[in-house]
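The values are calculated or read from the model by the stated rules, or taken from the named source; none is laboratory data. This structure is a prediction, so every number in the text was calculated from the model and none was measured. As a convention, Cβ positions derive from the backbone with ideal geometry for all residues, glycine included, and neighbour counts pool all protein chains shown.
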Amino acid sequence: MADQSCEFPLENASDPEIDGVLATARTIAVVGLSDKPDRESHIVAAYLQRHGYRIVPVNPAVAEILGERSYPDLAAIPPEIAVDVVDIFRKPEFIPAVVDGAIARGARVVWMQLGLAHNAAAAKARAAGLTVVMDRCIKIEHARWSATRPPARP
(Lines give C-alpha, C1' and ligand atoms only; values in the text may rest on other atoms or scores of the structure.)
Protein backbone atom coordinates (compact mmCIF):
# COMPACT_ATOMS: atom_id res chain seq x y z
CA MET A 1 0.00 0.00 0.00
CA ALA A 2 1.28 3.46 -0.88
CA ASP A 3 2.27 5.84 1.89
CA GLN A 4 -0.46 8.45 2.04
CA SER A 5 1.17 10.65 4.68
CA CYS A 6 2.46 13.07 2.04
CA GLU A 7 -0.59 13.23 -0.19
CA PHE A 8 -1.24 16.65 -1.70
CA PRO A 9 -4.86 17.88 -1.84
CA LEU A 10 -6.01 17.71 -5.45
CA GLU A 11 -9.11 19.75 -4.68
CA ASN A 12 -9.86 21.84 -1.62
CA ALA A 13 -12.48 24.19 -0.25
CA SER A 14 -11.98 27.82 -1.24
CA ASP A 15 -11.44 30.60 1.29
CA PRO A 16 -15.06 31.79 0.88
CA GLU A 17 -16.30 28.21 1.48
CA ILE A 18 -14.12 27.96 4.60
CA ASP A 19 -15.42 31.33 5.80
CA GLY A 20 -18.97 30.03 5.34
CA VAL A 21 -18.18 26.92 7.37
CA LEU A 22 -16.72 28.97 10.21
CA ALA A 23 -19.68 31.38 10.17
CA THR A 24 -22.40 28.72 10.27
CA ALA A 25 -20.91 25.79 12.20
CA ARG A 26 -21.93 25.40 15.82
CA THR A 27 -20.77 21.88 16.79
CA ILE A 28 -17.39 20.39 15.91
CA ALA A 29 -16.55 16.74 16.57
CA VAL A 30 -12.79 16.53 17.04
CA VAL A 31 -11.64 13.03 16.11
CA GLY A 32 -8.37 12.19 17.83
CA LEU A 33 -8.72 14.91 20.47
CA SER A 34 -6.06 14.43 23.13
CA ASP A 35 -6.59 15.15 26.81
CA LYS A 36 -2.97 16.36 27.01
CA PRO A 37 -2.95 20.19 27.00
CA ASP A 38 0.33 20.40 25.06
CA ARG A 39 -0.99 18.44 22.05
CA GLU A 40 -2.10 20.30 18.93
CA SER A 41 -5.55 18.72 18.94
CA HIS A 42 -6.15 19.95 22.50
CA ILE A 43 -4.83 23.44 21.76
CA VAL A 44 -7.03 23.75 18.67
CA ALA A 45 -10.15 22.38 20.38
CA ALA A 46 -9.69 24.64 23.41
CA TYR A 47 -9.34 27.64 21.09
CA LEU A 48 -12.51 26.72 19.21
CA GLN A 49 -14.37 26.21 22.48
CA ARG A 50 -13.24 29.65 23.73
CA HIS A 51 -14.61 31.11 20.49
CA GLY A 52 -18.11 29.75 21.01
CA TYR A 53 -18.10 26.41 19.21
CA ARG A 54 -19.36 23.30 20.96
CA ILE A 55 -16.63 20.66 20.95
CA VAL A 56 -17.49 16.95 20.91
CA PRO A 57 -14.37 14.92 21.72
CA VAL A 58 -13.89 11.63 19.89
CA ASN A 59 -11.30 9.55 21.71
CA PRO A 60 -12.03 6.01 22.95
CA ALA A 61 -9.35 6.16 25.66
CA VAL A 62 -10.70 9.14 27.61
CA ALA A 63 -14.08 9.75 29.28
CA GLU A 64 -14.00 13.56 29.21
CA ILE A 65 -11.93 16.29 27.58
CA LEU A 66 -12.34 20.06 27.98
CA GLY A 67 -15.38 19.48 30.16
CA GLU A 68 -17.21 17.52 27.44
CA ARG A 69 -18.02 13.83 27.37
CA SER A 70 -15.77 11.94 24.97
CA TYR A 71 -17.10 9.30 22.59
CA PRO A 72 -15.25 6.30 21.16
CA ASP A 73 -16.27 7.13 17.56
CA LEU A 74 -18.66 9.31 15.58
CA ALA A 75 -21.39 6.65 15.62
CA ALA A 76 -21.48 6.75 19.44
CA ILE A 77 -22.37 10.45 19.55
CA PRO A 78 -26.10 10.66 20.38
CA PRO A 79 -28.27 11.59 17.38
CA GLU A 80 -29.63 14.66 19.17
CA ILE A 81 -26.15 16.21 18.91
CA ALA A 82 -26.04 17.68 15.42
CA VAL A 83 -22.42 17.59 14.26
CA ASP A 84 -21.64 20.29 11.71
CA VAL A 85 -17.91 19.71 11.27
CA VAL A 86 -15.79 16.60 11.75
CA ASP A 87 -12.25 17.83 12.45
CA ILE A 88 -9.70 15.05 11.97
CA PHE A 89 -6.48 14.65 13.97
CA ARG A 90 -5.75 11.03 12.96
CA LYS A 91 -3.14 9.39 10.75
CA PRO A 92 -4.01 9.22 7.03
CA GLU A 93 -4.78 5.49 7.11
CA PHE A 94 -7.68 6.18 9.49
CA ILE A 95 -9.20 9.02 7.46
CA PRO A 96 -11.43 6.87 5.17
CA ALA A 97 -13.21 5.33 8.17
CA VAL A 98 -13.65 8.75 9.79
CA VAL A 99 -15.08 10.13 6.54
CA ASP A 100 -17.51 7.19 6.35
CA GLY A 101 -18.59 8.02 9.91
CA ALA A 102 -19.04 11.71 9.03
CA ILE A 103 -21.20 10.81 6.03
CA ALA A 104 -23.29 8.40 8.11
CA ARG A 105 -23.80 11.09 10.81
CA GLY A 106 -24.94 13.67 8.29
CA ALA A 107 -22.12 16.09 9.05
CA ARG A 108 -21.83 19.02 6.66
CA VAL A 109 -18.03 19.30 6.65
CA VAL A 110 -14.96 17.07 6.90
CA TRP A 111 -11.88 19.01 7.95
CA MET A 112 -8.46 17.33 7.75
CA GLN A 113 -5.98 19.25 9.86
CA LEU A 114 -2.69 20.70 8.68
CA GLY A 115 -0.50 17.97 7.23
CA LEU A 116 -3.43 15.65 6.49
CA ALA A 117 -4.94 14.92 3.09
CA HIS A 118 -6.66 11.87 1.63
CA ASN A 119 -7.95 12.49 -1.89
CA ALA A 120 -10.00 9.30 -2.25
CA ALA A 121 -11.79 9.88 1.05
CA ALA A 122 -12.29 13.54 0.14
CA ALA A 123 -13.87 12.58 -3.19
CA LYS A 124 -16.23 10.21 -1.40
CA ALA A 125 -17.21 12.95 1.07
CA ARG A 126 -17.80 15.46 -1.74
CA ALA A 127 -19.91 12.91 -3.64
CA ALA A 128 -22.06 12.62 -0.49
CA GLY A 129 -22.52 16.40 -0.43
CA LEU A 130 -19.99 17.36 2.25
CA THR A 131 -17.61 20.28 2.07
CA VAL A 132 -14.02 19.08 2.42
CA VAL A 133 -11.06 21.00 3.79
CA MET A 134 -7.64 19.33 3.69
CA ASP A 135 -4.20 20.26 5.00
CA ARG A 136 -5.41 23.42 6.77
CA CYS A 137 -5.68 24.22 10.46
CA ILE A 138 -9.16 25.24 11.60
CA LYS A 139 -7.64 27.41 14.36
CA ILE A 140 -5.47 29.33 11.89
CA GLU A 141 -8.39 29.67 9.48
CA HIS A 142 -10.68 30.88 12.27
CA ALA A 143 -8.14 33.53 13.33
CA ARG A 144 -7.85 34.69 9.69
CA TRP A 145 -11.64 34.76 9.28
CA SER A 146 -12.17 36.57 12.60
CA ALA A 147 -9.68 39.27 11.64
CA THR A 148 -11.72 40.12 8.53
CA ARG A 149 -15.06 40.44 10.32
CA PRO A 150 -16.39 43.79 11.52
CA PRO A 151 -16.23 44.28 15.29
CA ALA A 152 -19.26 43.14 17.29
CA ARG A 153 -21.66 45.85 18.37
CA PRO A 154 -21.85 46.56 22.12
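Looking only at residues that are buried (at least 16 other Cβ atoms within 10 Å of the Cβ) and not β-branched (Val, Ile, Thr) in segment 71-92, which one is farthest from Leu130 (Cα to Cα)? Before the answer, list the steps.
As a first pass, look at segment 71-92 and keep what is buried (at least 16 other Cβ atoms within 10 Å of the Cβ): 71, 74, 77, 83-90, 92.
Next cut, not β-branched (Val, Ile, Thr) only: 71, 74, 84, 87, 89-90, 92.
Working: Tyr71: 22, Leu74: 16, Asp84: 10, Asp87: 13, Phe89: 18, Arg90: 19, Pro92: 19 Å.
This residue is Tyr71.
Scanning segment 93-115 for residues that are part of a loop (DSSP other than H, G, I, E, B) and crowded, with 21+ Cβ neighbours inside 10 Å yields Ala107, Gln113. Only one of these conditions is not met by Ala61: (1) in a loop (DSSP other than H, G, I, E, B); (2) crowded, with 16+ Cβ neighbours inside 10 Å. Which number is it? All conditions are met except number (2).
Among the residues of segment 33-61, which ones are hydrophobic (A, V, I, L, M, F, W, C) and closer than 24 Å to Ile103 by Cα? Walk me through it before giving the result.
Residues of segment 33-61 that are hydrophobic (A, V, I, L, M, F, W, C), as a first pass: 33, 43-46, 48, 55-56, 58, 61.
Correct list: Leu33, Val44, Ala45, Leu48, Ile55, Val56, Val58, Ala61.
Do you know which residues across segment 29-70 are charged (D, E, K, R) and either touching a residue at least 40 places away in the same chain (Cβ under 8 Å) or under 17 Å from Val133 (Cα atoms) (or both)? It would help to see each step written out before you state the result.
Residues of segment 29-70 charged (D, E, K, R): 35-36, 38-40, 50, 54, 64, 68-69.
Matches in segment 29-70: Glu40 only.
Checking the stated criteria, Gly129 turns out to be part of a loop (DSSP other than H, G, I, E, B) and either aromatic (Phe, Trp, Tyr) or modelled with pLDDT of 95 or more (or both). State whether one or more residues within segment 51-58 are among the charged types (D, E, K, R), surrounded by fewer than 18 Cβ atoms within 10 Å (Cβ to Cβ) and closer than 19 Å to Ile138 by Cα. Taking every residue of segment 51-58 in turn, at least one turns out to be among the charged types (D, E, K, R), surrounded by fewer than 18 Cβ atoms within 10 Å (Cβ to Cβ) and closer than 19 Å to Ile138 by Cα.
Of all residues in segment 80-92 being among the hydrophobic types (A, V, I, L, M, F, W, C) and part of a loop (DSSP other than H, G, I, E, B), which is nearest to the chain's Cα centre (by Cα)? Can you show your working first?
Step one: of segment 80-92, the residues among the hydrophobic types (A, V, I, L, M, F, W, C) are 81-83, 85-86, 88-89.
Retained after the next criterion (residues that are part of a loop (DSSP other than H, G, I, E, B)): 81-83, 89.
Numbers: Ile81: 15, Ala82: 14, Val83: 10, Phe89: 8 Å.
Result: Phe89.
Which of the residues that make up segment 13-28 are touching a helix residue (DSSP H, G or I) at 6+ places or on another chain (Cβ under 7 Å), under 12 Å from Trp145 (Cα atoms) and either of a type outside the set (Asp, Glu) or free of Cβ contacts under 8 Å to residues at least 60 places away in the same chain (or both)? I'd like the intermediate steps shown before the answer.
Taking segment 13-28 first, the residues touching a helix residue (DSSP H, G or I) at 6+ places or on another chain (Cβ under 7 Å) are 18-19, 22, 28.
Subset that is under 12 Å from Trp145 (Cα atoms): 18-19, 22.
Those that are touching a helix residue (DSSP H, G or I) at 6+ places or on another chain (Cβ under 7 Å), under 12 Å from Trp145 (Cα atoms) and either of a type outside the set (Asp, Glu) or free of Cβ contacts under 8 Å to residues at least 60 places away in the same chain (or both): Ile18, Leu22.
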